Amino acid sequence: MKNFLLPLLLISALVLSTSCKKDDDETTERDPISGNWNLKNVSGGFGGVDIDYTPGEVIWNFNLNTNILTVQKNIEPTDPSSSYVGLESGTYPFEIEENEETKTLFVNGEDKGFITLLDDVLQLNEGYIDGFMRTFER
């Protein structure tokens, strides 16, 4: 009886595990820009600034379901680095415009720069001679 029971259990387990079907229409895959991004550095501008931020000081959260960007600025307004964050704390409508090889972020209808996404690093490059490069990390 033992010799019969073990193969029966193995075959049953095999049948059950292969009969479970993964849904091919799964839409829960997260878009790379979705979620929280901590501002790490702002560089550039006419004066050539190069300011580092610690995680949690400035957080941008992109919600692609609602196309809302939530900015959380945890820096004192009197701190000189506060003026380079790009946006005040609040919620903003956003859209990403794709043209051939570039993606451009528009917040409240205003061009905020070209998007570069590499793993857990997001860069927004204003692309102007006196523009800023904002680097974010997850």
The listed residue being within 23 Å of K103 (Cα to Cα), modelled with pLDDT under 95 and among the aliphatic types (A, V, I, L, M), out of I33, I75, I68, I59: I33
Tally of residues being assigned to a loop (DSSP other than H, G, I, E, B), touching a strand residue (DSSP E or B) at 6+ places or on another chain (Cβ under 7 Å) and free of Cβ contacts under 8 Å to residues at least 24 places away in the same chain across the stretch 29-56: 1
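Could we say that E88 is of a type in the set (D, E) and within 17 Å of the chain's Cα centre (by Cα) here?
Values: of a type in the set (D, E): yes; within 17 Å of the chain's Cα centre (by Cα): no.
Judged against the criteria, E88 is not a match.
Condition (residue is on the phi > 0 side of the Ramachandran plot and surrounded by 13 or more Cβ atoms within 10 Å (Cβ to Cβ)) applied to the stretch 93-108: is it met by at least one residue?
Looking only at the stretch 93-108, we keep the residues that are on the phi > 0 side of the Ramachandran plot, and these are 100, 108.
Of the ones still in play, those that are also surrounded by 13 or more Cβ atoms within 10 Å (Cβ to Cβ) are none.
No: the stretch 93-108 contains no residue that is on the phi > 0 side of the Ramachandran plot and surrounded by 13 or more Cβ atoms within 10 Å (Cβ to Cβ).
This table checks each residue for (1) of a type outside the set (F, W, Y); (2) within 18 Å of L64 (Cα to Cα); (3) at pLDDT below 95.
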site: T91; (1), (2), (3): yes, yes, no
site: F94; (1), (2), (3): no, yes, no
site: N99; (1), (2), (3): yes, no, yes
site: T102; (1), (2), (3): yes, no, yes
site: L105; (1), (2), (3): yes, yes, no
site: L118; (1), (2), (3): yes, no, yes
site: L124; (1), (2), (3): yes, yes, no
site: I129; (1), (2), (3): yes, no, yes
site: F136; (1), (2), (3): no, yes, no
Qualifying residue in the stretch 66-82 (condition: in a loop (DSSP other than H, G, I, E, B) and in contact (Cβ under 8 Å) with a residue 40 or more places away in the chain): no
Residue count, the stretch 108-129 (criterion: more than 13 Å from V42 (Cβ to Cβ) and part of a loop (DSSP other than H, G, I, E, B)): 7
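The values are calculated or read from the model by the stated rules, or taken from the named source; none is laboratory data. Treat the numbers as computed from the prediction; the structure is a model and nothing was measured. Because the Cβ atoms are built from the backbone with ideal geometry, glycine has one as well, and the counts that use them run over all protein chains shown.
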